[in-house]
Amino acid sequence: MYDLVIIGGGPAGLTAGIYAVRYGLDIVVLEKNVLPGQIAATDVVENYTGFTAISGPELMQRFKEHAETVGVKIESAEVYSIISDNSKKVVITDKGNFESKTVIIATGANPKKLGIPGEKEFIGKGVSYCATCDAPFYKGKTVMVIGGGESALTDALILSNVVKKVYIIHRRDKLRASKILQERVSKKSNIEIIWNTIAEEIQGKTGVENVVLRDLKRGDLYSIPVDGVFVYIGIQPNTDFVNVKKNNSGFILTNEKLETSVPGIYAAGDCRDTSIWQVVTAVADGAVAAVSAHEYIMDLELGEELHKKNNVDVDNVRRIKMSCKDNLDGISCLKICEDSTADDLQPIAEAIHALLGIPITIRSLNKRGIRMERGEVVDRDYTGPVLEEVLRSNKIIHTVPTEGPYKGKAVVVAPIRTSEKTVIGAVGVVDIVAALDILSMFKEYPGIFDEVETSKKKMQ
Amino acid sequence: MMVKVTLVTAEWCHFCPTAKQVWRELKEKYNFEYSEVDYDSPEGKKLVDEFSIVSVPTTIIDDQIAFVGVPDKNKASKTLESPV
Ligand SMILES: Cc1cc2nc3c(=O)[nH]c(=O)nc-3n(C[C@H](O)[C@H](O)[C@H](O)COP(=O)(O)OP(=O)(O)OC[C@H]3O[C@@H](n4cnc5c(N)ncnc54)[C@H](O)[C@@H]3O)c2cc1C
């Protein structure tokens with residue numbers, strides 16, 4: 001079993017590999033292409049720190065050399081799916097299965113399709129998504145570039161050196177691309193920008209001959225004869241194969257540690273929901289994801305020890321940590337028992353403290369919710385009945401108490417060690433306002449938000 | 001008759017090595033005629049004209065363009081029925 005499987009050997013994946021190897025993790029990078037990375041498709045990169053200008057393939061080659069020199073193992077495989085089973089992930093590929101404790105998804109993206117008639121039919125017959133690949137076939141011809149961002153302008157410039165004429169079709173009246181690229185484009189006499197216009201259909205007999213355009217201001221349709229159409233309207237993440245939470249466009253949702261909705265699975269680079277998709281951000285993501293994976297593995301090891309020594313249900317402890325995040329007010333180790341002391345909870349509390357890194361309080365209470373400390377009645381606590389429910393159902397229970405010390409807080413109680421008569425629960429207490437902020441983290445406790453909302457209204 | 005596969009590639013094309021790998025791996029499993037042609041060679045130029053090729057890698061199978069871009073492994077193996 002690997003510590004970490006990294007899917008995708010682009011800038012994000014290889015950087016994650018370099019960091020992970022330095023942390024001593026046993027890893028493998030799975031890459032389906034012989035020459036990985038989207039950046040290998042571009043002729044020159046001018047915005048990666050340390051390189052005024054470097055060709056895309058060369059930059060990628062350097063990443064690869066760096067990774068291989070420090071011992072990153074890269075295997076040729078295409079990943080079909082990931083099966084996640086608590087502390088073990090199985091990565092299914094065309095070259096067999098890979099078992100791992102953690103997974104980083106760094107599968108990047110592909111160009112987004114226009115989705116208009118004629119596009120699919122003419123792929124490779126005049127419709128292209130890569131100027132550096134196909135520009136030489138259009139020597140002296142007329143082509144159209146669709147889009148107004150960095151890639152569109154970069155590739156329009158590449159084409160302008162080869163073809164007779166380049167039309168740039170842009171749906172707005174302003175370009176999104178950087179000023180430096182806009183200036184270069186404006187200096188090219190054979191590039192013409194057609195503003196406020198979208199492409200509606202690509203036509204031709206055996207190859208592209210015409211593109212039907214719609215002027216969004218006037219609303220009318222007209223067509224322009226061209227030999228080729230190059231499409232740059234954004235990217236589509238390669239994330240179909242993995243079952244984690246994504247946004248509407250398929251980009252994987254992560255938090256600042258690049259954790260996905262599945263514990264132990266991380267996402268880095270172009271495949272995740274972020275604000276810019278570049279080499280420099282992809283490599284940064286790779287580093288963050290690798291460090292998070294390392295932390296998770298350390299936690300796993302601590303957890304295993306906790307489980308072995310104290311028979312604690314570590315997954316529930318971890319779930320508490322996951323759901324409460326940094327907004328955790330505190331954690332209590334509670335035990336239901338009549339009139340006894342809770343001293344035997346000390347080692348468990350200490351171990352959980354090591355795992356979660358937050359202070360833990362220890363208490364025992366009886367079934368009626370009377371809090372006992374060293375055999376003495378202290379006061380009433382709402383958690384008594386909750387713990388009893390936990391004991392009965394052996395499930396994680398959430399509640400928003402309307403009285404008692406935790407009034408107005410969101411509370412999650414998870415059984416971490418149960419026997420017939422006693423239950424030890426970990427109680428996470430979260431500020432209600434914070435609970436709303438971390439809404440997504442609570443999704444696995446359906447209903448809690450209604451409770452939180454009602455409780456908040458009551459308080460006001 | 002043996003299936004004839006011709007892969008048209010270019011030196012600068014970053015997807016071509018992957019396309020080559022797909023066909024070379026299949027060549028070990030199946031019996032077919034296989035050649036790789038650079039688009040800039042005399043033979044390549046002839047193919048580019050004949051098939052109106054505007055993209056590399058392009059795979060020609062028995063006088064028809066079968067794949068543009070890296071071929072899907074499963075689809076590619078389906079075109080080669082007779083294993084070695
Ligand atoms: C034409 C073009 C020009 C660009 N110019 C610039 C620029 O000038 N500066 C800049 O900073 N950025 C530029 N970019 C963006 C840059 O390329 C990306 O931001 C960067 O490559 C993202 O890195 P990544 O590792 O996240 O993903 P990628 O580079 O996409 O790498 C992902 C890798 O995962 C592999 N993969 C995908 N799915 C699977 C699977 N199921 N199994 C196995 N492997 C898989 C892919 O083969 C690929 O190699 C450009 C992009 C393009 C397309």
Notebook entry, point to check: Binning every alpha carbon pair distance of segment A:127-233 at 10 Å from zero, what are the percents per bin?
Noted result: 16, 51, 30, 3
Check: Near A:LYS88, within a Cβ-to-Cβ distance under 13 Å, what is the net charge of the other residues, with Lys and Arg +1 and Asp and Glu -1?
Finding: -3
Check: For the peptides A:162-169, A:221-228, B:5-12, what is the packing order when you average, over each peptide's residues, the other Cβ atoms within 10 Å and list the highest mean first?
Finding: A:162-169, B:5-12, A:221-228
Item checked: Over 23 Å between alpha carbons, listed pairs A:LYS174/A:LYS257; A:LYS113/B:LYS20; A:LYS113/A:LYS164; A:LYS139/B:LYS46; B:LYS4/B:LYS73 -> A:LYS174/A:LYS257; A:LYS113/B:LYS20; A:LYS113/A:LYS164
Notebook entry, point to check: Where both partners of a DSSP beta bridge lie in segment B:4-81, what percent of those bridges are antiparallel, to the nearest 5?
Noted result: 55 percent
Check: What residues in segment B:55-71 lose 20 Å² or more of accessible surface when the other protein chains are added to their chain alone (1.4 Å probe)?
Finding: B:SER55, B:VAL56, B:VAL68
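Using a 1.4 Å probe and counting only protein heavy atoms, how much accessible surface gets buried when A and B come together, both sides summed, in Å² to the nearest 100? Each step should come with its number before you reach the end.
Details: alone 22220 and 5490 Å², together 26150 Å².
The buried area between A and B, both sides summed, comes to about 1600 Å².
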Margin query: Distance between the C-alpha centers of segment A:14-28 and segment A:166-191? Whole Å please.
Written below: 41 Å
Checklist line | Furthest towards positive pole of dipole, A:PHE98, A:ILE39, A:PRO111, structure part segment A:1-155, Cβ charges | finding: A:PRO111
Notebook entry, point to check: Amide H to amide H, which residues 5 or more places from A:ILE169 or on other chains are under 5 Å from it, using H placed in the peptide plane?
Noted result: A:VAL145, A:ILE146, A:GLY147, A:ILE194
Next item on the list: Output the relative contact order of chain B, whole-number percent, from Cα pairs under 8 angstrom with separation of 6+ residues.
Entry: 41 percent
Checklist line | chain B: calculated mean residue ellipticity at 222 nm from DSSP helix runs of at least 4, using -39500 (n - 2.57) | finding: -10000 deg cm²/dmol
Notebook entry, point to check: Residues of segment A:111-134 losing 30 Å² or more of accessible area relative to the isolated chain, 1.4 Å probe, heavy atoms only?
Noted result: A:GLY124, A:CYS133, A:ASP134
Notebook entry, point to check: Leaving out ligands, DNA and RNA, what percent of the accessible area of segment A:126-232 is carbon and sulfur, probe 1.4 Å?
Noted result: 49 percent
Item checked: Other-chain or far-sequence residues with amide H under 5 Å of A:ILE104's (modelled H) -> A:VAL5, A:ILE6, A:ILE7, A:TYR266
Notebook entry, point to check: What does the convex hull of the Cα atoms come to per residue for segment A:55-104, in Å³?
Noted result: 96 Å³
Next item on the list: Return the carbon/sulfur percentage of the accessible area of chain B, one whole number, probe 1.4 Å, all protein chains in place.
Entry: 48 percent
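Count the net charge of all other residues whose Cβ sits under 11 Å from the Cβ of A:ASN247, scoring Lys and Arg as +1 and Asp and Glu as -1.
Spelling it out: positives minus negatives among the neighbours equals +2.
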Check: Given the pairs A:LYS89/B:LYS27; A:LYS112/B:LYS29; B:LYS29/B:LYS75; A:LYS32/A:LYS89, which are separated by over 23 angstrom at their Cα positions?
Finding: A:LYS89/B:LYS27; A:LYS112/B:LYS29
Check: What would the Debye formula give as log10 I(q)/I(0) at q = 0.11, 0.15, 0.18 Å⁻¹ for the alpha-carbon point model of segment B:4-81, no solvent?
Finding: -0.23, -0.44, -0.64
Check: Got the relative contact order for segment A:127-233 handy, in percent, Cα pairs under 8 Å and 6 or more residues apart?
Finding: 33 percent
Note to self: Let me check I've understood the local charge: for A:ASP285, count other residues with C-beta under 15 angstrom from its C-beta, Lys and Arg +1, Asp and Glu -1. What total comes out?
What the structure shows: -2
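The values are calculated or read from the model by the stated rules, or taken from the named source; none is laboratory data. Computed from a prediction, not measured in an experiment: that's the story for all the values here. All Cβ positions, even for glycine, are placed from backbone atoms using ideal geometry, and neighbour counts span all protein chains on display. Note: areas computed on protein heavy atoms with side chains; ligands, DNA, RNA excluded. Shrake-Rupley method; radii C 1.70, N 1.55, O 1.52, S 1.80 Å.
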